[in-house]
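Peer 1: The structure's right below; bear with me while I get my questions together.
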Amino acid sequence: MIKYLLLILSFSLPIYASEDPLNKIDYKSDYFYSFYVEIPAGTKQKWQVNKKTGILEWEEKDGKKRVVNFLSYPGNYGFIPQTLSGDNDAIDVVDIDESVLRGTVKKVKIIGGLYFEDKKEKDYKLIGIDPNGTFSTYETIDEILMDKPAVLEILRNWFSSYKKPGKMVFFRYISKSEAIEIIENSHKKWKKSQ
């Protein structure tokens with residue numbers, strides 16, 4: 001019985017206790033960026049990598065496990081490792097493909113993003129695409145906007161609405177080149193912090 005429990009634990013532990021995904025996973029390889037999934041598409045539990053321990057944990061607020069009080073996440077949600085944005089968190093990414101397990105690291109191509117302000121602070125939500133997934137033929141946000149505008153409308157509306165009304169304010173879409181520049185600058189900021 002104990003052997004079976006240890007075997008089960010050995011398969012589940014890497015999902016929640018991988019080696020510091022914020023700092024130990026390369027942010028990029030060749031054309032693709034690494035994407036660490038904290039919240040799988042279709043779920044509501046708010047998980048986040050602890051900045052001090054590097055362990056993926058179910059976030060708590062006022063002693064309660066956090067669950068988004070809205071519709072489930074419209075895509076896999078997480079971050080690009082080895083980056084620091086303006087709020088000193090890693091750059092946020094939403095992957096618009098099929099749901100994957102929490103703690104998965106996958107390669108994505110960045111096609112652009114959404115520019116929000118949260119409490120008057122910049123809050124970028126970059127859009128990643130699985131190079132072998134449903135949207136793999138798209139290279140830029142403009143292509144999605146022209147061919148599948150509802151995808152961007154869903155993302156914009158979801159992020160504008162999942163918190164209290166007026167908290168997240170959408171300003172504009174971010175082009176692929178601007179998104180890449182944001183990632184590269186945030187990687188430089190991360191390198192300086194090491």
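Peer 1: Residues that are open to solvent by 20 Å² or more (accessible area, probe 1.4 Å) and touching a residue at least 60 places away in the same chain (Cβ under 8 Å): list the strands (runs of 3 or more DSSP E) wholly contained in segment 57-158 that include at least 3 such residues.
Peer 2: 105-118
Peer 1: Which members of segment 1-45 meet the condition of being open to solvent by less than 90 Å² (accessible area, probe 1.4 Å), modelled with pLDDT under 95 and at positive phi?
Peer 2: Matches in segment 1-45: Asp20 only.
Peer 1: Something else now. Are there any pairs, at least 6 apart or on different chains, whose C-beta atoms fall under 9 Å, with the first in segment 41-53 and part of a loop (DSSP other than H, G, I, E, B) and the second among the basic types (Lys, Arg), and if so, which?
Peer 2: From segment 41-53, the pairs are Thr43/Arg102; Lys46/Lys61; Lys46/Lys65; Lys46/Arg66.
Peer 1: A further question on this structure: Of the residues Val93, Val105, Val100, Val151, only one is touching a Lys or Arg at 6+ places or on another chain (Cβ under 7 Å) and modelled with pLDDT of 95 or more; which?
Peer 2: Val100 is the lone residue from the list that is touching a Lys or Arg at 6+ places or on another chain (Cβ under 7 Å) and modelled with pLDDT of 95 or more.
Peer 1: Considering only segment 162-187, how many residues are of a type in the set (Gly, Ala, Ser), surrounded by 13 or more Cβ atoms within 10 Å (Cβ to Cβ) and under 14 Å from Leu114 (Cα atoms)?
Peer 2: Here is the first cut: in segment 162-187, the residues of a type in the set (Gly, Ala, Ser) are 166, 175, 177, 179, 186.
From the residues that got through so far, the ones that are surrounded by 13 or more Cβ atoms within 10 Å (Cβ to Cβ) too are 175, 179, 186.
Restricting the remaining residues to those that are under 14 Å from Leu114 (Cα atoms) gives 175, 179.
Total meeting the criteria: 2.
The values are calculated or read from the model by the stated rules, or taken from the named source; none is laboratory data. As the structure is a computational prediction, the values presented were derived from the model and not from experiment. Because the Cβ atoms are built from the backbone with ideal geometry, glycine has one as well, and the counts that use them run over all protein chains shown. Ligands, DNA and RNA are stripped out before the accessible areas are found, and what is left, the full protein with its side chains, is counted by its heavy atoms. Shrake-Rupley method; radii C 1.70, N 1.55, O 1.52, S 1.80 Å.
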